[in-house]
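To start, the structure under review is shown below, and the notes come after it.
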Amino acid sequence: METFSLDCIELQNYQPNRYPFLMIDHVDAVCPGKFARGYKHLTLNEWYFPIHFPGAPNMPGALQLEALAQMLTVAITTLPGLKGMVTHALQHTVRFRKEVLPGKTFVIETEVISWKRGICKGKGIGFTDGEVACEADMLITIPEILEQYLPKKNS
Amino acid sequence: MSNKEKYDNVFIECFGVTSDVLNEKFIYQCVPTWDSVGHMGMIAALEDAFGIMMETDDIIDFGSYTIGIEKLRKYGVDVLA
């Protein structure tokens, strides 16, 4: 399948999160169902830096993981027929390796391991200055699709 | 390994149960691990174990351990043989 990029406006067709929770600025390359990679520029103006923490600002780990999950979502919602669909997290395992600081670019790379019946298994890595900041194994779902395959309760 | 052993092992591994609970009372959502995600994992594991690809209607109808045995017959898998 063809690879393409998404600017900050186009991205919003495939990623339902919005300010202040959209953790991606640009998608450099997405191959639907295979991978997505891009970045988030981090200025001191990000809403969380003044409070996490005063005098020692760094990007919360939960938001680093959110950025990875949002990028993995783009790798799925760019598949035919899935544009704009909402995804939910099912299970994430994450390892944090360094602080992510204001002034840096948080580079996000994600890969789809499997996509079947509304469940995506994938992995993601976040980088700053070319070094791994965090890495995660992720399980996300599009509930609207998953529910189509479920037995009726107590059948 | 017999088909019955393969079938039971999928349930044991996917849902973390013991073989003594695998009977007609073992149904969808009867244990916390047989939830929506567990269901998809179990179906995928059965497809791998028996080299089949199940149709959507059969995945939806697969509401219990015993119903599953009936469903697999359609794909040439006789669990009770």
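Just so it is clear, none of the values below were taken in a lab; they were calculated from the coordinates. The model shown is predicted, which means the values in this text are computed figures rather than measured ones. Please note: Cβ atoms are built from the backbone with ideal geometry, for glycine as well, and neighbour counts cover all protein chains shown.
Table for the structure above
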item: Average other protein chain Cβ within 10 Å of Cβ, residues B:60-73; result: 2
item: Whole-angstrom gap from segment A:114-155 to segment B:1-48, using each part's C-alpha centre; result: 21 Å
item: Pairwise FRET efficiency - A:T105 versus B:V21, Cβ, R0 = 41 Å, nearest 0.05; result: 0.20
item: Net charge of Cβ neighbours under 12 Å - reference A:M23; Lys, Arg +1; Asp, Glu -1; result: -1
item: Number of partner chain Cβ atoms within 10 Å, mean per residue of A:44-57; result: 0
item: Qualifying aspartates and glutamates (Cα of each under 12 Å from Cα of B:K6; at least 8 residues distant if same chain); result: B:E47, B:D48, B:D78
item: Globularity ratio of segment A:102-155, using Cα Rg and 2.2 N^0.38 Å; result: 1.64
item: Pairwise centroid distance, computed over Cα atoms, of segment A:1-19 with segment A:25-90, Å; result: 11 Å
item: Per-peptide average of other Cβ atoms within 10 Å, ordering A:34-45, A:119-130 highest first; result: A:119-130, A:34-45
item: Spread of Cα-to-Cα distances over 5 Å intervals beginning at zero, given as percent, for segment A:1-70; result: 4, 14, 26, 22, 15, 9, 6, 2, 1, 0
item: Cα-based Lys proximity count in segment A:1-137, under 13 Å, for pairs eight or more positions apart or on separate chains; result: 4
item: P(r) histogram, all alpha-carbon pairs of chain B included - 10 Å bins from 0, percent; result: 18, 62, 20, 0
item: Cα-Cα P(r), segment A:21-155, percent of pairs per 10 Å interval; result: 13, 42, 29, 13, 4, 0
item: Span per principal axis, largest first, for the Cα atoms of the protein assembly as shown (Å); result: 67, 36, 30
item: Two-site FRET efficiency, B:I69 against A:K34, from Cβ-Cβ distance with R₀ of 35 Å, rounded to 0.05; result: 0.45
item: Residue-averaged beta-carbon neighbours from other chains (10 angstrom radius) around A:139-151; result: 4
item: Net dipole in debye of the protein assembly as shown [+1 Lys, Arg Cβ; -1 Asp, Glu Cβ; about Cα centre; nearest 20]; result: 180 debye
